Amino acid sequence: MELVSQPMGTTDARVVAGWVYDPPYDFYNVGGTDEAIAELVDGSYRLVQSTDGDVIGFYCVGQSAQVPSGVGAGVYAMGRDVVDVGIGMRPELTGRGLGTTFFAFVVREILRHHPRAQLRLTVATFNKRAIRLYEKFDFRAVAEFEHQGMRFQVMTRSSDVFAHNANES
């Protein structure tokens, strides 16, 4: 599957904001509020599609990829040249073995713009399938914190290993 990305537009943001995940992944539901849509179009989010126009998911970078309680806990304070990454896949595509292709594309896209960056992501600790995916790309847990009664794990990996692994997928 060939993928492309583009900045998130308002129409796409409304679609993404309406995605509904099954429990326990419903924690990731964005909700269609004006505030949520405004964040999706703030320039930090990109829509990921197949070359035939099928929406696969999205990714974001920077502060949008951070969990607020993690900021307060100081888990995002380490190092320079760190890019925080967040991803979301269309609900009906999750759990179907497409995560490796999707995440490899996201990694390549980010490293194209930030070639020397260390990538960092935050994931709910219950989300074992996402953690397995990230570990496949040599992400390792470096911190944990709690947000609204849920545990989160911060994972990092340097760009040199990413470049190698992302090209293998």
Original post:
Can you pull out the helices (runs of 4 or more DSSP H) entirely within the range 61-146 that have at least 2 residues that are at pLDDT 95 or above?
Top reply: 99-113, 128-136
Original post:
Which of (1) closer than 21 Å to L93 by Cα; (2) in contact (Cβ under 8 Å) with a residue 12 or more places away in the chain; (3) more than 16 Å from the chain's Cα centre (by Cα) does V75 not meet, given it meets every other one?
Top reply: (1)
**OP:** Among the residues of the range 100-129, write down those that are without any contact (Cβ under 8 Å) to a residue 60 or more places away in the chain and touching an Asp or Glu at 6+ places or on another chain (Cβ under 9 Å).
**Re:** H114, R116, A117, Q118, L119, R120, L121, T122, T125
Subject >> Answer from V106, V83 - the residue that is under 18 Å from S64 (Cβ atoms), touching a helix residue (DSSP H, G or I) at 6+ places or on another chain (Cβ under 7 Å), surrounded by 13 or more Cβ atoms within 10 Å (Cβ to Cβ) and not small (G, A, S) >> reply: V83
**OP:** Among residues belonging to the range 21-30 that are more than 15 Å from R90 (Cβ to Cβ) and more than 17 Å from the chain's Cα centre (by Cα), point out the one that is surrounded by the fewest Cβ atoms within 10 Å (Cβ to Cβ).
**Re:** P23
**OP:** For the range 31-72, name all the residues that are crowded, with 16+ Cβ neighbours inside 10 Å, touching a residue at least 40 places away in the same chain (Cβ under 8 Å) and β-branched (V, I, T).
**Re:** V48, V55, I56, V61, V67
**OP:** With the condition kept exactly as written, say whether any residue in the range 1-17 is closer than 27 Å to M150 by Cα and touching a Lys or Arg at 6+ places or on another chain (Cβ under 8 Å).
**Re:** no
Original post:
Where residues in the range 130-154 are touching a Ser or Thr at 6+ places or on another chain (Cβ under 6 Å) and without any contact (Cβ under 8 Å) to a residue 40 or more places away in the chain, which of them is surrounded by the fewest Cβ atoms within 10 Å (Cβ to Cβ)?
Top reply: R151
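Yes/no matrix, rows are residues, columns are (1) more than 15 Å from T11 (Cα to Cα); (2) touching a strand residue (DSSP E or B) at 6+ places or on another chain (Cβ under 9 Å):
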residue	(1), (2)
D54	no, no
F58	no, yes
S64	yes, yes
V67	yes, yes
L93	yes, yes
G99	yes, yes
V106	yes, yes
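So, in the range 1-20, of the ones that are of a type in the set (S, T, N, Q) and not in a helix (DSSP H, G or I), which residue ends up nearest to the chain's Cα centre (by Cα)?
The initial filter retains those residues of the range 1-20 that are of a type in the set (S, T, N, Q), namely 5-6, 10-11.
Applying the additional criterion that residues be not in a helix (DSSP H, G or I) yields 5-6.
Values: S5: 14, Q6: 15 Å.
Once the filter is applied, the top-ranked residue is S5.
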Original post:
Does the range 78-112 hold any residues that are within 16 Å of V16 (Cβ to Cβ) and more than 13 Å from the chain's Cα centre (by Cα), and which are they?
Top reply: P91, E92, L93, T94
Original post:
Which of (1) closer than 22 Å to A17 by Cα; (2) assigned to a helix (DSSP H, G or I) does G57 not meet, given it meets every other one?
Top reply: (2)
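The values are calculated or read from the model by the stated rules, or taken from the named source; none is laboratory data. This structure is a prediction, so every number in the text was calculated from the model and none was measured. Backbone-built Cβ (ideal geometry, glycine too); neighbour counts: all protein chains shown.
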